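Q: Before I ask anything, here is the structure I am working with.
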Amino acid sequence: MKIYVLTLKGETERRENVIKEFQKIGIKPTFFEGIDGRKLSKAELKKLCINEAMTPGEIGCAESHLRIIRDFIKTEENSAFIFEDDVQFSNKMNKYVFEEFKKFIDTKDTPTAIILRKRKRLGKKVYEINGISVYECFRATGGISYLINRKCAEVLISNNTPIRFQSDAWSIYAPAGLIHLYALNEDLCSEWNGKSGKYESVVGLSEKRACHSLIHKKLVNQFLKEHGVSKFDWLRDSIKAYYYMLKRKL
């Protein structure tokens, strides 16, 4: 299995903790040193990204994930797990679960991504791994833990070079019909809060991120329109997700 962990230079505390997390399940991942956008010049950021609303941290994060994905494409593997170095695993996560997720995605001949976390907008159940249910997902965010196949990697590279969206733009690619997205109704992974007990994201404060900007929203709407996505499609998926949520509760 190809398993990447994205880390930044100097993040020794996170690295030490994530090593322990993987040791618990008997897996040795490949560490990949990413780009800290906060340390790049304005010229460097502008060269990488065409979305003026994205923070330096968001740009660095997106570029780091793209570099991992490009590295994966060079291998002979059909799929790859990608984690960020602040990930921590639930007690359900083990080597067998990793292997079963890989088996599932390796059967897909379309661009496919699986978010290894609980998400809201879920559709029908399509698979079960050791008591863990996998569902269709209409749209979602989250880049701390996911699994992609080679065709999905190609989609992410071609549609985000140069960068215009965040690294976890599943809510754009899935509705556009570019990828098949799956997620869970429980968290196999979550963010580690550090020894201080306070979680700090490298992409910047939530209220200052691109998703709140009109510039970003315009780019997203333009992209979706180019791919034939209407407001009706967006509403339909929301209704379908609500329907399946009610169905699971009954």
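Q: Out of the stretch 1-33, which residues are of a type in the set (Lys, Arg) and either over 18 Å from residue 190 (Cβ atoms) or outside any helix (DSSP H, G or I) (or both)?
A: 2, 9, 28
Q: Out of everything in the stretch 212-242 that is out of contact with any Lys or Arg (no Cβ under 9 Å at 6 or more places or on another chain) and of a type in the set (Lys, Arg), what residue ends up being farthest from residue 136 (Cα to Cα)?
A: Filtering first and then ranking leaves 218.
Q: Let me ask something additional. I need the full set of residues from the stretch 1-45 which are closer than 28 Å to residue 163 by Cβ, more than 22 Å from the chain's Cα centre (by Cα) and not acidic (Asp, Glu), in order please.
A: Selection gives 10, 12, 39, 40, 41, 42, 43.
Q: Identify all residues within the stretch 63-99 that are among the small types (Gly, Ala, Ser) and either out of contact with any Leu (no Cβ under 8 Å at 6 or more places or on another chain) or more than 18 Å from residue 167 (Cβ to Cβ) (or both); write none if there are none.
A: Hit for the stretch 63-99 is 90, nothing else.
Q: How many residues, within the stretch 192-232, are at pLDDT below 95, farther than 18 Å from residue 62 by Cβ and surrounded by 13 or more Cβ atoms within 10 Å (Cβ to Cβ)?
A: So the count comes out to 2.
Q: Still on this structure: Quick one: is residue 11 at pLDDT below 95 and of a type in the set (Asp, Glu)?
A: yes
The values are calculated or read from the model by the stated rules, or taken from the named source; none is laboratory data. As the structure is a computational prediction, the values presented were derived from the model and not from experiment. Here the Cβ is made from the backbone with ideal geometry for all residues, glycine too, and neighbour counts use every protein chain on show.
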